[in-house]
Amino acid sequence: MSAWVTILGMVLALDGLRISTLTPAATPTQRSVGVVAVAAAAVVVALVAEPLLDAGDVSPETFRIGAGLVVAAVGVVRLMIGVGRPYDEVSESTRGLVPVAFPVALTPELIAWSASRGVDALGAALTGLAVAVVVALLTVRLDLSGDRRRLGDGWVRLAAAGITIVGVVLVIDGIRSV
Amino acid sequence: MHRRVALAALAWVAGLIGFRVALTPPELCEVPSATEIAFAADEAADWAVRGLGDDGRFTYGYRADDGGVNQSYNLVRHAGMTNALYQHALWRDSDALEAADRSLDALLDLLIARDDWVAVEEPNGDAKLGTVGLLIPALLHRRDLTGDEQYDEEAIALGRFIVAQQESSGAILNRWDPDLDGPVPGVYGRFATGEAFWALAMLDRRFPDAGFREPTLLTADYLALERDEAEGEFLRNPDHWAAYGFAEMARPGGPGLEQHHVDYVRALSGAFGVMARYESQRSGTGLTLLLRGNTALGAGVGAMGEGIAGLWNTSLLVADLEGRSDRLADRLLCTADLLVERQIDEDEASTSPIPDLARGAWFSGGYTQVDDQQHTLSALLFAEDALRWKESR
C-alpha cells in the first residue's frame with residue numbers, strides 16, 4: 001500500500017468538517033484542542049501497535065483485515081446515515097474535550113487505521129497524522145451550524161465513500177499478504 | 001449529552017471486545033523445535049509403515065473409537081503416501097526406503113500401456129491423472145535418493161500419459177477411459193492438474209531431452225492465467241501441487257518463471273497466508289469453535305503446509321519473491337507447530353483399540369485417513385528445512 005493511501009486514510013479519519021458539523025456549540029479553539037488531543041492519542045496507538053499485536057498473538061496481516069473491515073463498515077454506515085445528530089452542548093469542565101475529542105473526533109476508523117498503518121508503515125502513518133492535524137485544524141474553524149449543516153452532511157457522506165474505499169483496500173492488502 | 005457520551009463509551013468497549021473476539025483472535029502457534037518437527041515427521045512415517053500390508057497397500061482409514069478400519073482404497077492417495085515416504089527417506093531417514101519400495105511395487109504392478117504411454121489402472125479399468133501425477137514424483141525422489149535409474153523409462157512413459165491427456169489450453173483431463181480408448185472430455189480434477197504439472201516440471205529438469213519443457217510451460221501458463229476461472233473456482237484454488245511445480249520450474253535446470261507465473265505465486269502465497277493465519281486461530285473449543293469452526297483435517301493442514309513450502313522454496317529462487325521468504329517460512333513453521341500439537345502421541349493412542357493405527361496420526365471427528373499422514377509428513381519435512389534456514393540467518 002502506498003504512503004499516499006496511508007496519508008489519505010488519516011485525513012479522512014480525522015475529519016475537521018465532520019467535527020465542526022457535529023459540535024456547533026464548541027468554539028474553534030475547543031475543537032482545535034480536541035483535534036490535537038485525539039491526534040496525540042492516534043500517534044501513541046501507531047507507536048505501540050506493534051508490541052500490542054505481538055502481545056496479543058495477532059499478526060499484522062490479520063490485523064489489517066480486521067482493521068480494514070472496521071474502517072469499511074464505519075464508512076458504509078456513515079454513507080447511509082450521514083453526519084448524525086449534533087451535540088448541542090459542550091462540557092466546559094473538560095474544556096470541550098467532551099464531546100469534541102470524545103466521542104466525535106475519536107473514531108473507530110482513526111484508531112484502526114493508525115494502528116494498522118503504524119505497524120506496517122510507521123513513517124507514513126506519522127506523516128499522515130501530521131497532515132491530517134493540519135487539515136483538521138484549518139477546517140474545524142468553519143461554522144457549519146444552521147443551514148450550513150447540509151454542507152457538512154454532504155461532505156461527511158463523500159468522505160464516508162472514501163473511508164469505505166480505503167477500508168476495502170486495507171482488507172485486500174491483508175488478504176494478499178502472507 | 002452525558003447519556004450519549006456514556007453510550008458511546010459503552011459502544012467502544014463492546015466494539016473492542018467484539019473486534020478481538022470475532023476479527024482478531026490470537027494466532028495460537030509458536031516456532032517448534034527441530035526435535036519436535038523431526039519426531040512428528042518420523043511418527044507420521046511410522047504410522048504409514050506400520051499400516052503397510054504384505055500386498056504393498058497402506059491401511060486406508062481408521063476410527064479411533066471402535067477400532068474400525070476403512071476397507072476402501074484410493075490409488076491417488078496411495079501414490080501420494082508413497083511419494084511422501086520417499087521424501088522422508090530422501091531428506092530424513094533412509095530406513096523408509098524399503099517400505100516405500102514395497103508400496104511402489106504395488107503401483108507398478110498396475111501399469112497399463114497404450115501407444116507410447118503407461119498409466120496406473122484403476123479397479124474399474126480407468127486411469128487417473130492424479131495417480132500418475134504423484135507416482136512420477138515418487139519415482140524421481142527415489143532416483144534422487146538412490147541414484148538408481150531402473151525406472152527412468154517408466155517415469156518418462158508416465159509423463160507421456162500426462163501429455164496425452166493435455167489439451168491445447170494447458171488444461172489436463174482427469175481420466176482416461178478404456179471404452180473411449182481416450183480421455184474423458186470435460187472432466188478436470190481440482191488438484192490433479194497441479195499434481196500432473198509438478199510431475200511434468202520434475203521430469204523436465206531430470207530428462208531435458210525428453211520433450212517435457214513445452215507441456216510444462218503450457219500448463220504453467222494455464223494455471224497462472226486461466227485455471228481458476230475455467231474450472232469454476234469461486235476463490236483462488238489453494239493448489240499446493242502447483243506451488244511444488246513452480247518451485248521445480250525455478251530450480252537450476254528448469255525454465256524459470258515468467259512475470260505472470262511470479263504474479264500467480266504471489267497471489268497463491270496470499271491465499272495460503274490467510275488460510276494459515278485462520279487455522280492458527282482455531283482451537284476447536286469454546287468460542288473459537290463457534291466463530292472459526294472446528295480445526296481442519298490433518299490432510300488439509302498438511303496440504304496447506306506443503307503449499308506454503310512450495311511457495312517458500314520458489315521465493316528463495318526468484319528475486320521478485322525474495323521479500324516473501326521470511327514470512328512464508330514463519331507461516332510454514334506455524335503450520336508445523338499446529339501439526340506437532342495436534343498429532344496423537346503414544347499415551348493418547350494407548351486408549352484406542354488399535355494403538356498402532358492411532359499413534360502418530362491426525363484425527364478429525366475420530367477418524368484418520370492415509371492422506372492425513374501423507375500431507376503432514378511432507379509439510380513437516382519442509383518445515384525442518386525452513387527452521388534451519390531461519391536459524392542460519
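The values are calculated or read from the model by the stated rules, or taken from the named source; none is laboratory data. The model shown is predicted, which means the values in this text are computed figures rather than measured ones. All Cβ positions, glycine included, derive from the backbone under ideal geometry; neighbour counts span all protein chains shown.
Only residues that are closer than 12 Å to B:Asp337 by Cα and within 11 Å of chain A (Cβ to nearest Cβ): list them for segment B:1-41, please.
Hits for segment B:1-41 are B:Glu27, B:Leu28, B:Cys29, B:Glu30.
Is one or more of the residues making up segment B:86-96 more than 14 Å from chain A (Cβ to nearest Cβ), within 30 Å of B:Leu289 (Cβ to Cβ) and surrounded by 18 or more Cβ atoms within 10 Å (Cβ to Cβ)?
So far as segment B:86-96 goes, no, none of its residues is more than 14 Å from chain A (Cβ to nearest Cβ), within 30 Å of B:Leu289 (Cβ to Cβ) and surrounded by 18 or more Cβ atoms within 10 Å (Cβ to Cβ).
Which numbered condition trips up A:Gly56, out of (1) more than 13 Å from A:Ile111 (Cβ to Cβ); (2) buried (at least 21 other Cβ atoms within 10 Å of the Cβ); (3) at pLDDT 95 or above; (4) within 14 Å of another protein chain (Cβ to nearest Cβ)?
Condition not satisfied by A:Gly56: (2).
Matching residues to (1) part of a loop (DSSP other than H, G, I, E, B); (2) surrounded by fewer than 18 Cβ atoms within 10 Å (Cβ to Cβ):
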residue	(1), (2)
B:Ile112	no, yes
B:Leu139	no, no
B:Asp148	yes, yes
B:Gly186	yes, yes
B:Asp204	no, no
B:Asp209	yes, yes
B:Glu214	no, yes
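Please tell me if A:Leu52 is touching a helix residue (DSSP H, G or I) at 6+ places or on another chain (Cβ under 6 Å) and of a type outside the set (Phe, Trp, Tyr).
no
Is it true that some residue in segment B:316-332 is surrounded by 18 or more Cβ atoms within 10 Å (Cβ to Cβ), among the charged types (D, E, K, R), more than 14 Å from chain A (Cβ to nearest Cβ) and within 18 Å of the chain's Cα centre (by Cα)?
No, segment B:316-332 contains no residue that is surrounded by 18 or more Cβ atoms within 10 Å (Cβ to Cβ), among the charged types (D, E, K, R), more than 14 Å from chain A (Cβ to nearest Cβ) and within 18 Å of the chain's Cα centre (by Cα).
Does B:Gly67 satisfy being touching a residue at least 60 places away in the same chain (Cβ under 8 Å), among the small types (Gly, Ala, Ser) and in contact with a strand residue (DSSP E or B) (Cβ under 8 Å, 6 or more places away or on another chain)?
no
Got a sec? Which of A:Ala124, A:Ala161, A:Ala115 is under 30 Å from B:Gly273 (Cβ atoms), part of a helix (DSSP H, G or I) and in contact with a Gly (Cβ under 9 Å, 6 or more places away or on another chain)?
Result: A:Ala161 is the single residue among A:Ala124, A:Ala161, A:Ala115 that is under 30 Å from B:Gly273 (Cβ atoms), part of a helix (DSSP H, G or I) and in contact with a Gly (Cβ under 9 Å, 6 or more places away or on another chain).
Which condition number does A:Ile111 fail, the rest of (1) surrounded by fewer than 18 Cβ atoms within 10 Å (Cβ to Cβ); (2) closer than 16 Å to B:Leu16 by Cβ; (3) at the interface with chain B (Cβ under 10 Å from one of its Cβ atoms) being met?
(1)
Could you list, in sequence order, all residues of segment A:86-106 that are assigned to a loop (DSSP other than H, G, I, E, B), within 11 Å of another protein chain (Cβ to nearest Cβ) and at pLDDT below 95?
A:Pro86, A:Tyr87, A:Asp88, A:Glu89, A:Val90, A:Ser91
I'd like to check something: does segment B:52-72 contain any residue that is among the acidic types (Asp, Glu), assigned to a helix (DSSP H, G or I) and either more than 25 Å from B:Trp198 (Cα to Cα) or within 18 Å of the chain's Cα centre (by Cα) (or both)?
No.
With the condition kept exactly as written, say whether any residue in segment A:76-85 is in contact (Cβ under 8 Å) with a residue 40 or more places away in the chain, crowded, with 16+ Cβ neighbours inside 10 Å, more than 12 Å from chain B (Cβ to nearest Cβ) and closer than 20 Å to A:Pro60 by Cα.
No, every residue in segment A:76-85 fails to be in contact (Cβ under 8 Å) with a residue 40 or more places away in the chain, crowded, with 16+ Cβ neighbours inside 10 Å, more than 12 Å from chain B (Cβ to nearest Cβ) and closer than 20 Å to A:Pro60 by Cα.
Between a first residue in segment B:115-131 that is closer than 14 Å to B:Val163 by Cα and a second residue that is at pLDDT below 95 and of a type in the set (Asp, Glu), which pairs have beta carbons less than 6 Å apart while being 6 or more apart in sequence or on different chains?
Taking only residues 6 or more apart or on different chains, not a single pair turns up.
So which pairs qualify, if the first residue must be in segment B:95-114 and without any contact (Cβ under 8 Å) to a residue 24 or more places away in the chain, the second must be surrounded by fewer than 17 Cβ atoms within 10 Å (Cβ to Cβ), the Cβ gap must be under 9 Å, and the two must be at least 6 apart or on different chains?
B:Ile112/B:Gly125; B:Ile112/B:Pro178
Would you mention how many residues in segment A:4-32 are in a helix (DSSP H, G or I) and farther than 12 Å from A:Arg141 by Cα?
Within segment A:4-32, residues that are in a helix (DSSP H, G or I) and farther than 12 Å from A:Arg141 by Cα number 11.
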